[in-house]
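Q: Below you will find the structure I want to go over with you.
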Amino acid sequence: MPVLSIMGLTAKYGKYTSIKEVNIEVIKGEIVVLLGANGAGKSTTFKTISGLLKPAAGEIIFNDEQIGGKQPDKIVELGIVQCAEDRKLFPQMSVQQNLMMGAYVHRRNKGQIKQSLKEVNELFPILYDKREDAAGSLSGGQQQMLAIGRALMAKPKLMLLDEPSIGLAPLIVEQMFKSIEHINREGTTILLAEQNANAALSIADKGYVYENGKIVVHGSSAELFSNEEVRKAYIGA
Amino acid sequence: MELLLQQLFNGLTIGSVYSLVALGLTLVYGILHIPNFAHGALYMVGGYITLMMMTNAGLHYVLAIVVSIIVVGLLSVLMERLVFHPLRDSPPIQDKVAAIGILLFLEALAQLLWGADYRQMPTPFGEVVNVFGLTLTLQRIIIVAAAIAVMIFLYWFLKKTFIGSTIIAMAQNREGAALVGINTNKVAILTFFIAGALAAIGASLTSPINLVFPGMGHLVILKAFVIIIIGGMGSIPGAILGGYILGFTESIGATYISSDYKDIIAFVLLIIILSAKPQGIFSKGGA
C-alpha cells in the first residue's frame, strides 16, 4: 500500500515552472531515491511535499489524505519530516536543544521525547558527546547527523532526506548511508534525493530520475543500475 | 561617593527601561529581520493607555498597567497581521517604509485622541525611602525591581519552555522552524504580543518620573536601536546588557560631563563600540 502518492504535481517559483507533472509512489517501508542533477527539481519536490511551496497543480496523497498546500507544521504533525539539503539547523542553539526542537510536535509526551533522544544518541554517539556545543560549531558531517537526528525526534512515518551526502568526505558518506539503512530497518519509510547515484541505488528499492523538472526514467534499483542512460549520466561507468 | 552611587542607581533605573524596550525590538527583529520603527509608537501608546486608565477610568496604577499590556500587545499583533504579515515576501525596504508609516499614523492618532500636551502620570509609589544612605523614590525602586523580574521571567520562558523556544528557533532559521512542526504564524503573533507588552511595561514604569506626550517614543526608540546594534541584532543578552551599558553611561556622563550632552552619549557610545566591534558585542560568529 502506498504511503505517499504524488500525481501530476507541478510547482512554480513565481512564473518559473520548477517541476512539471511529477508522479511518484512510495510504498510503506521502502527507500525510494530521486536522482538528478542540481536544479533538476528534487528539492522543489521536497519543498512542495513539506508545504514550504504550494503546488500549482496535481495531488499529494499521504495515507489516503490529500496534503498538497497544507501548512508545513500540519504536514509534520501528520508524520512527514524533511531533512533539508542546507540542514536548516538552529545554529546558536546547542546540539541537545536542536534535538529537543525536533520533538516539538510531541512536546506533551515527555516519556517519548526521552526515548527518542536515547535512540538518536545511540545512532549518532557524537551528538551526545557534543550535546552542549552550538550546532553552528559542528563539522559538516556532524551537522548532517544532527539534521537527521532532529528529524528522527519527530518520529516520522516518512522521512524526506535531501542530499544527505552533499559536501561530506567519502568515509562519512558511507557511514551516512549505513545510518539511513538502519533508520529504514527501524520502520521509517524514506524518500531520498541524491546525486551520489551509486551509493543511493545500492540501498534503495526503487528510483526516479529527474531532468529539467520532469521525471524521465523510473524503475527498481536494479533496472536503473542496468539502464544505459542512467549509468552514463549518474553512475559514470 | 554618594553622588556616584546615586547616579549608578539612576543608571540602573534608566537602563532597566531601555533594556525592556530593546528586548521587544530585538525579539521582533528575529521575525521581521528589520528594526521595527513602529516600536516607539507602541511605547508611547503604552504610556497613554496606562495614564488614561488611571485618570479616566480611575483604575489603580498596577491595574492600569495590566490593561495597557493587553491593549498594546494586541495593537502590536494587529500591526503584524495587517501590515507585516501581508508584506512577508516583499523586499525589506517595504517593511521599513511600512514601519515608519505605522509610527507616524499612531503618533497622529494619539495627538488626535489625547492632544499634544505633556502630561504627568501620578503614581501611588511616590514616597521617598532611604536605602544604604541613598535617597530614592519608591517608584524608581519599583522600576528596577519590576523590570528585572520581567526579564528573568522572559529569559525563563524563552529558554526553558517549548513555546518560548519556538521564538528563538524561528529567529535562527524560519524554514527550519516550520520543518520541525512549528506554526510560524502563531510564533510571529506571540512575538509581537510580547514585544508590545514589554514596550507597555517600559513606558508605564517610567512615565511617572518622565512625562507622557505623543513624541515620547522618539528618543527611546532611537536609543533602543543603538542598544540592539551595540548588543548585536537579535541578541537577547545583548539587548539587556546594552540597555544597562547605555543607562549607566548616560547617567554618569550627565553628572560628570554635562547633562546637556546626556542624549548624545548614546550615539557617541555607538560610534566607539562599532569601531571596535562592528558586529556588536554579542555578534553571532561570522553570519
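Q: Kindly provide the set of residues from segment A:53-74 that are at the interface with chain B (Cβ under 8 Å from one of its Cβ atoms) and either touching a Cys at 6+ places or on another chain (Cβ under 8 Å) or surrounded by fewer than 20 Cβ atoms within 10 Å (Cβ to Cβ) (or both), ordered by number.
A: A:Gln71
Q: List the helices (runs of 4 or more DSSP H) inside segment B:1-92, counting only whole elements, that have at least 3 residues being farther than 25 Å from B:Leu109 by Cβ and touching a residue at least 40 places away in the same chain (Cβ under 8 Å).
A: The helices (runs of 4 or more DSSP H) meeting that bar are B:2-32.
Q: Another question, if that's okay. Can we say A:Gln144 is more than 9 Å from every other protein chain (Cβ to nearest Cβ), under 22 Å from B:Arg174 (Cα atoms) and in contact (Cβ under 8 Å) with a residue 12 or more places away in the chain?
A: Yes, satisfied.
Q: Given the condition under 22 Å from A:Ile80 (Cα atoms) and either over 20 Å from the mean Cα position of the chain (by Cα) or within 13 Å of chain B (Cβ to nearest Cβ) (or both), answer yes or no: does some residue in segment A:120-141 qualify? Give the steps one after another, and end with the answer.
A: So in segment A:120-141, the residues under 22 Å from A:Ile80 (Cα atoms) come out as A:120-121, A:123-124.
Those still in the list that are either over 20 Å from the mean Cα position of the chain (by Cα) or within 13 Å of chain B (Cβ to nearest Cβ) (or both) too: none.
Checked against the condition, which is being under 22 Å from A:Ile80 (Cα atoms) and either over 20 Å from the mean Cα position of the chain (by Cα) or within 13 Å of chain B (Cβ to nearest Cβ) (or both), segment A:120-141 yields no hits at all.
Q: If we keep just the residues of segment A:75-111 that are of a type in the set (Gly, Ala, Ser) and more than 18 Å from the chain's Cα centre (by Cα), which is farthest from the other protein chains (Cβ to nearest Cβ)?
A: A:Gly111
Q: Quick check on A:Lys130: is it surrounded by 20 or more Cβ atoms within 10 Å (Cβ to Cβ) and basic (Lys, Arg)?
A: Taking the combined requirement at face value, the residue satisfies it.
Q: Select from segment B:173-210 the residues that are at the interface with chain A (Cβ under 9 Å from one of its Cβ atoms) and touching a residue at least 40 places away in the same chain (Cβ under 8 Å) and list them in ascending order.
A: B:Asn185
Q: Residues in segment B:223-235: is at least one under 17 Å from the mean Cα position of the chain (by Cα) and closer than 19 Å to B:Arg140 by Cβ?
A: Yes.
Q: Can B:Gly253 be described as within 14 Å of chain A (Cβ to nearest Cβ), touching a helix residue (DSSP H, G or I) at 6+ places or on another chain (Cβ under 6 Å) and assigned to a helix (DSSP H, G or I)? Steps first, answer last, please.
A: Values: within 14 Å of chain A (Cβ to nearest Cβ): no; touching a helix residue (DSSP H, G or I) at 6+ places or on another chain (Cβ under 6 Å): yes; assigned to a helix (DSSP H, G or I): yes.
No: the conditions fail for B:Gly253.
Q: Still on this structure, I have one more. Check B:Leu158, B:Leu138 and return the single one that is within 14 Å of another protein chain (Cβ to nearest Cβ) and over 16 Å from B:Ser76 (Cβ atoms).
A: B:Leu158
Q: Let me ask another. Let me confirm something: among B:Ile240, B:Ile257, which residue is modelled with pLDDT under 90 and more than 30 Å from B:Ala108 (Cα to Cα)?
A: Going through B:Ile240, B:Ile257 in turn, the sole match is B:Ile257.
Q: Go through segment A:159-201 and give me each residue that's part of a helix (DSSP H, G or I) and without any contact (Cβ under 8 Å) to a residue 40 or more places away in the chain.
A: A:Pro170, A:Leu171, A:Ile172, A:Val173, A:Glu174, A:Gln175, A:Met176, A:Phe177, A:Lys178, A:Arg185, A:Asn198, A:Ala199
Q: Now a separate question. Taking the condition of being on the phi < 0 side of the Ramachandran plot and surrounded by fewer than 20 Cβ atoms within 10 Å (Cβ to Cβ), how many residues in segment A:25-51 meet it?
A: 6
The values are calculated or read from the model by the stated rules, or taken from the named source; none is laboratory data. Values in this document were obtained by computation on a predicted structure and should not be read as measured data. Reconstructed Cβ throughout: ideal geometry from the backbone, glycine too, with neighbour counts over all protein chains shown.
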